[in-house]
Amino acid sequence: MNINFLRHSRVCLAVSAILVASAIASLCLKGGPRYGIEFTGGVLLQAELDQAPDLARLREELATQAPGATAVAGSAASHHLLSVTAPATVEPGKLRASLEHALTNSGARFTVRSFEGLGPQIGAELRRQALVATAVASAGMLAYVALRFEFIYGAAAVIAVAHDAVVTLGALSISNQEVTLNVMAALLTLVGYSMNDTIVIFDRLRENRMLLKDWPVRELVALSISQTLRRTLLTSGLTLIAVLALLLFGGAVLRGFALTLTIGLVVGTYSSIFIASPIVIWRGRRG
Amino acid sequence: MRLKVVLVSLVAVVSIILIGSKPLRLGLDLRGGASFVLEARSDDGRPLPVAALRETRRVVERKINAYGVSEATVQPYGAAGDRLLVQIPGSVADLSRVRASLQRQGVLEWFAVMDGPFAGSDEPLRARGGVLGAGERLLTTGAGSSGAAWYIVQASPLIRGDELRNARAEPDAYGGWSTSFTLSTGAGARFARYTEANLGRRVAIVLDGAILSVGAIEDRIQSEGRIRGARSLAEAEDLAILLRAGAIPAAIHIVEEASLDASLGADSIRQGIVAGMAGVAAVVTVLLITYGRAGINATATLLLNGLLLLALLIACDAVLTLPGIAGLILTAGMAVDSNVLVFERIRELRIRQTDAAAVQSGFRRAWATILDTHVTTLISCAFLFWFGTVAVKGFAVTLGLGLVTNLFTAVFVSRLLFEWGLRRGRQVF
């Protein structure tokens with residue numbers, strides 16, 4: 001296959017700029033990602049009911065028992081579901097008792113399927129720890145790629161990965177999807193995946209550079225992308241199939257995770273070709 | 001080549017034996033259960049230093065064990081390791097009781113023993129003619145290794161936990177182990193008067209209403225004393241830890257709590273397996289269509305990789321959580337990618353070379369790429385493991401182990417399969 005992907009690199013950079021800008025705009029307008037309670041503190045109680053809840057009455061009860069609590073009803077194949085979230089004002093255990101009390105008072109017959117609660121301080125701590133871990137891991141990858149190739153390759157790979165993370169977070173923000181612990185795991189997965197994709201192209205580029213010493217960088221990059229294109233399409237396609245299976249059959253718990261991965265896979269494949277590679281050309285032309 | 005085949009079969013057999021030996025441990029987010037994060041704060045509201053955590057942890061362990069839940073664990077938690085994570089798998093019958101018990105302060109008291117031991121709770125009453133005397137209490141050791149024993153003690157304590165200054169295990173003169181303790185000056189003076197007047201009488205050390213140890217007074221004890229009779233260093237050490245724990249004036253706060261109904265956990269496992277099988281089936285189909293005979297090789301190495309990884313996770317006693325499954329997915333993606341990288345190289349090279357030569361140089365050239373991608377990801381795994389939260393660690397462990405097994409299956413084993421095929425005069429694809 002011999003398609004010159006780089007002919008439209010300006011267009012692609014413009015597209016990326018728009019994507020990143022709208023991601024950042026959405027994130028700014030909504031005050032950062034919509035974090036799940038794992039990262040903000042608060043409680044989330046999910047209950048199964050034998051009949052549709054009387055939401056109006058429940059909300060009245062909640063207003064007195066646990067101010068600030070919100071209830072959302074849903075339904076599954078054979079039963080009614082209800083999830084109640086509340087800000088962490090008192091210890092999680094006490095808050096749970098209040099929520100259950102409100103549910104009982106509203107006349108609902110229910111069983112608690114899952115409960116999660118933590119204070120705001122711990123949420124902030126988890127968020128910070130996750131960020132630090134991601135930052136340090138990215139620095140480690142940059143160092144290795146810079147060592148194995150050249151600094152600009154490491155920088156290009158990390159910029160591409162950062163681009164993917166920002167665009168994916170933006171997409172989640174626009175679609176009002178919560179960033180939970182599982183979504184965080186999906187983000188880590190896509191970072192690894194995008195990095196892998198970029199390195200495959202860079203590796204081919206390094207090999208070509210040694211074989212075809214007098215070729216200009218631009219042609220070398222174009223050749224390397226073409227040579228690895230079948231592999232890129234196959235691997236991305238296959239991984240996408242696996243992730244789509246997760247999205248379709250994985251159930252509600254895995255939905256946020258699978259959705260993040262689906263977006264991330266597409267963006268990650270795109271960025272290796274259209275972000276990381278042009279950066280190397282741009283730098284090669286100047287140096 | 002025969003040696004390599006033997007090696008691969010050996011690895012596969014060992015894996016299967018490991019997988020058969022015990023099941024993979026699943027995290028509470030998959031199997032259901034309850035977890036609590038505890039923070040011990042001193043009376044002025046500040047968190048306790050990490051150094052004092054061991055005592056608190058031991059007290060919490062005793063509380064959890066009192067419920068008879070098997071597999072419940074207590075471990076340090078949080079970035080600074082100054083919190084405790086209590087995990088109770090399965091369905092917990094009475095969460096509010098567990099919660100209340102966890103929050104109750106550890107109370108340590110020493111009582112004068114009036115009578116005992118008795119084998120059952122009704123025997124002491126019979127001995128007293130049906131009613132305990134005024135100022136008497138009935139206490140038990142709880143069901144330990146030697147069975148429950150009951151004692152009648154004086155209701156008002158001789159020593160309270162906050163009057164203990166320190167406790168530690170030491171060897172005694174008879175080659176056994178004992179636990180020495182230090183009392184505050186006031187309590188020491190009181191205890192000296194009491195022990196002098198009551199030589200031969202027994203004293204029960206009680207934590208949270210359960211007797212830890214009963215010993216006879218052999219001497220006048222002022223501020224320094226020793227409790228003899230430990231059967232091992234560990235036993236003497238345990239008593240010392242519990243004595244110190246009783247001396248720490250800490251209140252335990254539950255700062256994080258989660259519970260998941262076991263049936264919901266079972267649901268997500270079932271859905272996860274269905275999704276996983278659908279994904280694998282689709283991927284294998286595409287591989288077989290695209291690569292023909294080589295697709296069979298790829299499928300075999302992918303399955304072997306799954307087998308090895310499962311065995312390794314079991315051998316490491318790892319706990320599989322949802323983020324861990326994310327790591328598995330990336331592992332699978334990279335395993336497929338390694339195969340595709342090699343096959344594409346062979347396809348390219350086969351235009352100008354013989355099959356055998358193309359296989360040789362295909363693996364050689366793809367190796368550099370495979371190594372780079374794997375090392376990069378392994379580096380990121382290492383950092384995520386060091387700096388990450390518990391959830392992120394779960395991701396890093398499955399991914400890291402998966403990449404190592406993949407280097408073995410997708411390169412070493414896959415190459416072996418190709419060479420074996422070539423030797424039998426088969427086409428590569």
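For residues that are touching a Pro at 6+ places or on another chain (Cβ under 8 Å) and within 7 Å of chain A (Cβ to nearest Cβ), scanning just the stretch B:370-417, find the one that is modelled with the lowest pLDDT. Working first, answer last.
Step one: filter the stretch B:370-417 for residues touching a Pro at 6+ places or on another chain (Cβ under 8 Å), giving B:391-392, B:394-395.
Those still in the list that are within 7 Å of chain A (Cβ to nearest Cβ) too: B:391-392, B:395.
Numbers: B:Ala391: 80, B:Val392: 83, B:Phe395: 88.
Here the answer is B:Ala391.
Kindly check whether there is at least one residue in the stretch A:49-64 that is at pLDDT below 90, in a strand (DSSP E or B) and surrounded by 14 or more Cβ atoms within 10 Å (Cβ to Cβ).
Yes: one or more hits.
Mind listing whichever residues of the stretch B:356-369 are among the hydrophobic types (A, V, I, L, M, F, W, C), within 11 Å of chain A (Cβ to nearest Cβ) and either under 10 Å from A:Asn196 (Cα atoms) or touching a Leu at 6+ places or on another chain (Cβ under 8 Å) (or both)? Please lay out each step first, then the result.
Of the residues in the stretch B:356-369, the ones among the hydrophobic types (A, V, I, L, M, F, W, C) are B:356-359, B:363, B:366-368.
From the residues that got through so far, the ones that are within 11 Å of chain A (Cβ to nearest Cβ) too are B:366-368.
The one that is among the hydrophobic types (A, V, I, L, M, F, W, C), within 11 Å of chain A (Cβ to nearest Cβ) and either under 10 Å from A:Asn196 (Cα atoms) or touching a Leu at 6+ places or on another chain (Cβ under 8 Å) (or both): B:Ala366.
Within the stretch A:185-205, can one find any residue that is part of a helix (DSSP H, G or I), within 14 Å of another protein chain (Cβ to nearest Cβ), farther than 30 Å from B:Trp386 by Cα and not hydroxyl-bearing (Ser, Thr, Tyr)? Reasoning before the result, please.
Taking the stretch A:185-205 as the starting set, the residues that turn out to be part of a helix (DSSP H, G or I) are A:185-205.
Remaining after also requiring within 14 Å of another protein chain (Cβ to nearest Cβ): A:185-205.
Then keep just the ones that are farther than 30 Å from B:Trp386 by Cα; that gives A:204-205.
Still in the list and also not hydroxyl-bearing (Ser, Thr, Tyr): A:204-205.
For the stretch A:185-205, residues part of a helix (DSSP H, G or I), within 14 Å of another protein chain (Cβ to nearest Cβ), farther than 30 Å from B:Trp386 by Cα and not hydroxyl-bearing (Ser, Thr, Tyr): present.
Inspect the stretch A:111-124 for any residue being over 26 Å from B:Leu38 (Cα atoms), modelled with pLDDT of 85 or more and not aliphatic (A, V, I, L, M) and give the result as yes or no. It would help to see each step written out before you state the result.
Within the stretch A:111-124, the first condition is being over 26 Å from B:Leu38 (Cα atoms), and the residues that meet it are none.
No, every residue in the stretch A:111-124 fails to be over 26 Å from B:Leu38 (Cα atoms), modelled with pLDDT of 85 or more and not aliphatic (A, V, I, L, M).
Residue-by-condition table, conditions (1) within 11 Å of chain A (Cβ to nearest Cβ); (2) out of contact with any strand residue (DSSP E or B) (no Cβ under 9 Å at 6 or more places or on another chain); (3) farther than 30 Å from B:Gln427 by Cβ:
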| site | (1), (2), (3) |
| --- | --- |
| B:Ala275 | yes, yes, yes |
| B:Val283 | yes, yes, no |
| B:Leu287 | yes, yes, no |
| B:Gly295 | no, yes, no |
| B:Thr299 | no, yes, no |
| B:Leu302 | yes, yes, no |
| B:Leu310 | no, yes, yes |
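May I ask you to list the residues in the stretch A:22-64 that are within 22 Å of A:Leu95 (Cα to Cα) and among the aliphatic types (A, V, I, L, M)?
A:Ile37, A:Val43, A:Leu44, A:Leu45, A:Ala47, A:Leu49, A:Leu55, A:Ala56, A:Leu58, A:Leu62, A:Ala63 - these are the residues of the stretch A:22-64 that are within 22 Å of A:Leu95 (Cα to Cα) and among the aliphatic types (A, V, I, L, M).
Looking at the stretch A:97-151, which of the residues that are of a type in the set (D, E, K, R) and facing chain B (nearest Cβ under 7 Å) is nearest to A:Ala56 (Cα to Cα)?
Going residue by residue through the stretch A:97-151, those that are of a type in the set (D, E, K, R) are A:100, A:109, A:113, A:116, A:125, A:127-128, A:148, A:150.
Still in the running and facing chain B (nearest Cβ under 7 Å): A:113, A:116, A:125, A:148.
On the way: A:Arg113: 22, A:Glu116: 24, A:Glu125: 36, A:Arg148: 62 Å.
In this case the residue turns out to be A:Arg113.
Any residue in the stretch B:259-273 that is of a type in the set (D, E, K, R), surrounded by fewer than 17 Cβ atoms within 10 Å (Cβ to Cβ), within 14 Å of another protein chain (Cβ to nearest Cβ) and without any contact (Cβ under 8 Å) to a residue 40 or more places away in the chain?
Residues of the stretch B:259-273 of a type in the set (D, E, K, R): B:261, B:267, B:270.
This time we only want the ones that are surrounded by fewer than 17 Cβ atoms within 10 Å (Cβ to Cβ), so: B:270.
Those left that are additionally within 14 Å of another protein chain (Cβ to nearest Cβ): B:270.
Next cut, without any contact (Cβ under 8 Å) to a residue 40 or more places away in the chain only: B:270.
Among the residues of the stretch B:259-273, at least one is of a type in the set (D, E, K, R), surrounded by fewer than 17 Cβ atoms within 10 Å (Cβ to Cβ), within 14 Å of another protein chain (Cβ to nearest Cβ) and without any contact (Cβ under 8 Å) to a residue 40 or more places away in the chain, which makes the answer yes.
Counting only residues that are in contact with a strand residue (DSSP E or B) (Cβ under 7 Å, 6 or more places away or on another chain) and within 21 Å of B:Glu218 (Cβ to Cβ), give me the strands (runs of 3 or more DSSP E) lying completely in the stretch B:129-203 with at least 3 of them. If you could, list the steps in order and put the result at the bottom.
Details: elements: B:136-140, B:150-154, B:164-171, B:177-183.
Of the strands (runs of 3 or more DSSP E) lying wholly inside the stretch B:129-203, those with at least 3 residues that are in contact with a strand residue (DSSP E or B) (Cβ under 7 Å, 6 or more places away or on another chain) and within 21 Å of B:Glu218 (Cβ to Cβ) span B:150-154, B:164-171, B:177-183.
Residue under question is A:Phe257, and the condition is that it be under 22 Å from A:Asp164 (Cα atoms), facing another protein chain (nearest Cβ under 8 Å), in a helix (DSSP H, G or I) and touching a residue at least 60 places away in the same chain (Cβ under 8 Å); does it hold?
Working: under 22 Å from A:Asp164 (Cα atoms): yes; facing another protein chain (nearest Cβ under 8 Å): yes; in a helix (DSSP H, G or I): yes; touching a residue at least 60 places away in the same chain (Cβ under 8 Å): yes.
When the stated conditions are applied, A:Phe257 passes them.
If only one of B:Glu235, B:Glu256 is charged (D, E, K, R), buried (at least 18 other Cβ atoms within 10 Å of the Cβ) and in contact (Cβ under 8 Å) with a residue 24 or more places away in the chain, which one is it?
Just a single option satisfies the conditions, and that option is B:Glu256.
How many residues does the stretch A:169-184 contain that are away from chain B (no Cβ under 14 Å) and in a helix (DSSP H, G or I)? Please lay out each step first, then the result.
The initial filter retains those residues of the stretch A:169-184 that are away from chain B (no Cβ under 14 Å), namely A:169-178.
Now narrow it down to the ones that are in a helix (DSSP H, G or I): A:169-174.
Residues meeting the conditions: 6.
Spot the failing condition for A:Gly154; the list is (1) closer than 23 Å to A:Val43 by Cα; (2) within 14 Å of chain B (Cβ to nearest Cβ); (3) not hydrophobic (A, V, I, L, M, F, W, C), and only one is missed.
Of everything listed in (1) closer than 23 Å to A:Val43 by Cα; (2) within 14 Å of chain B (Cβ to nearest Cβ); (3) not hydrophobic (A, V, I, L, M, F, W, C), A:Gly154 misses just condition (1).
Would you kindly identify the helices (runs of 4 or more DSSP H) lying entirely within the stretch B:1-99 that contain at least 1 residues that are within 25 Å of B:Ala240 (Cα to Cα)? Show your work before the answer.
On the way: elements: B:2-21, B:28-31, B:53-65.
Fully inside the stretch B:1-99 and qualifying: B:53-65.
The values are calculated or read from the model by the stated rules, or taken from the named source; none is laboratory data. All values derive from a computational prediction rather than experimental measurement. So basically every Cβ, Gly included, is an ideal-geometry build from the backbone, and we count neighbours across all protein chains shown.
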